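Written below as structure tokens is the structure these notes are about.
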Amino acid sequence: MEEQGDSLMGITTAGIRIAVAAGAALLMSGLAAHALDTSAKASSKLSADALWAKIGDFCGIGKWHPAFEKCELSADGKTRTLSLKGGGTIVEALVKMDAAGKSYTYSILNSGPVPVANYTSTISVAADGAGSVVTWTGKYDAKGAPDADVQKAIQGVYDDGLKALTE
């Protein structure tokens, strides 16, 4: 068979190769890294307003989360730099603050030692009877580590934070 001239039912071998390559590329795109999800939820005896008073301060995480030594807020209040106990920093940006709805969404700009990319997370508080419930969800890609290991690490961050908030 010739490369360009011969055809099978009007389709050249070159055309078949292009179609096969395009199909393979499409298949591979479906196998590429996909976003991982992690979530945690905890109940608190604190009212939703009292719990939000702790969480709603974008840099307040430095006071209540055991993994962070401190939090520094940018002058515009939209970027926080978290210093990890044991070393390293993470830089996060406030995406949306909904004080009335008691939630905020943030993204990681520089993950430091945390093996994630394209990370976006929301933490929210809702009334639950006389107390409240806090929910922390995140979506991200693993970067340089197996998905299961990264999910376990992020789950640990969420669980440790919620435990500190609700004890």
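The values are calculated or read from the model by the stated rules, or taken from the named source; none is laboratory data. Just so you know, these numbers come straight off a predicted model, no measurement behind them. As a convention, Cβ positions derive from the backbone with ideal geometry for all residues, glycine included, and neighbour counts pool all protein chains shown.
General observations
- Filter result for the condition that a residue is at pLDDT 95 or above and exposed (fewer than 15 other Cβ atoms within 10 Å of the Cβ), over Lys96, Lys102: Lys96
- Matching option when the condition is out of contact with any Ser or Thr (no Cβ under 7 Å at 6 or more places or on another chain), among the small types (Gly, Ala, Ser), more than 23 Å from Gly77 (Cα to Cα) and modelled with pLDDT of 95 or more, among Gly156, Gly161, Gly131: Gly156
- With respect to the conditions (1) of a type in the set (D, E, K, R); (2) touching a strand residue (DSSP E or B) at 6+ places or on another chain (Cβ under 8 Å); (3) exposed (fewer than 13 other Cβ atoms within 10 Å of the Cβ), Lys78 falls short on a single one, namely (3).
- Within the range 145-156, one or more residues are of a type outside the set (Phe, Trp, Tyr) and assigned to a loop (DSSP other than H, G, I, E, B).
- The single residue among Ala127, Ala100, Ala117 that is within 23 Å of Asp49 (Cα to Cα), of a type in the set (Gly, Ala, Ser) and in a strand (DSSP E or B) turns out to be Ala127.
- Note on the range 32-67: residues that are part of a loop (DSSP other than H, G, I, E, B), of a type outside the set (Ser, Thr, Tyr) and touching a residue at least 12 places away in the same chain (Cβ under 8 Å) total 11.
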